[in-house]
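Here is the structure we will look at, set down as structure tokens.
The values are calculated or read from the model by the stated rules, or taken from the named source; none is laboratory data. Keep in mind that this is a model prediction, so the values were computed, not measured. Neighbour counts are summed over all protein chains in view; Cβ atoms, including those assigned to glycine, are modelled from backbone coordinates with ideal geometry.
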């Protein structure tokens, strides 16, 4: 029905799973629902081919997986919802001269509202490059008049431990987690930098906002 389209990235060994994107009719429906033109969406006909050949596909899928896992949690937990989800491209348009997070979201858990900036790490960047992101987040917090949590996700506990040693900044509250695709990101996976205590749920970070 052209609501969605799919592709399978080429791999040197074995086969990759199907990856799904909006089709022509699906994009038209989304545009109509939002009251905008299709040209105003982050969608174009050549997107499928571009994504299939992109070296950043794994990173994009992982980033989207964190947000869609929050949507999954919201469907299972009454009173919870993902209120906002900004893509990397939208974040770049808004803040690209200062900082470029992989996504921005607002998680609502009953009467608790948690704005956060997401950094999805797949282990390819140096620790120095990770640390170099923090001054930009400090500048963004100063411009906004308040800090938001910066959430770093890592592919393993070892990578998380190594990164936590450099992710310290007095003006930037950072929390880390090593998430698998089956994990619920709103659950108790988050450990604020500077703390060695119990991991916290996403909503619990609100009470710890600020450098620890």
From the list 20, 43, pick out the single residue that is under 24 Å from the mean Cα position of the chain (by Cα), closer than 27 Å to residue 123 by Cβ and touching a residue at least 12 places away in the same chain (Cβ under 8 Å). 20
Matching residues, segment 182-212, being at pLDDT 95 or above and either farther than 19 Å from residue 76 by Cα or in a strand (DSSP E or B) (or both): 190, 191, 192, 193, 199, 200, 205
Given the condition loosely packed, with under 11 Cβ neighbours inside 10 Å and part of a helix (DSSP H, G or I), answer yes or no: does some residue in segment 4-24 qualify? no
Quick one: in segment 171-186, which of the residues that are surrounded by fewer than 18 Cβ atoms within 10 Å (Cβ to Cβ) and free of Cβ contacts under 8 Å to residues at least 60 places away in the same chain is farthest from residue 132 (Cα to Cα)? 182
Quick check on this structure: which one of 60, 70, 117 is under 12 Å from the mean Cα position of the chain (by Cα) and within 18 Å of residue 172 (Cβ to Cβ)? 117
If you check 128, 83, which single one turns out to be surrounded by fewer than 16 Cβ atoms within 10 Å (Cβ to Cβ), without any contact (Cβ under 8 Å) to a residue 60 or more places away in the chain and within 24 Å of residue 193 (Cα to Cα)? 128
Could we say that residue 106 is modelled with pLDDT of 95 or more and farther than 17 Å from residue 66 by Cβ here? no
Filter segment 163-181 for residues that are in a loop (DSSP other than H, G, I, E, B) and either farther than 29 Å from residue 97 by Cβ or not assigned by TED's automatic domain parsing to the domain that holds residue 72 (or both); which is modelled with the highest pLDDT? 179
It is to be established whether one or more residues within segment 30-39 are outside the structural domain of residue 90 (by TED's automatic domain parsing) and at pLDDT below 90. yes
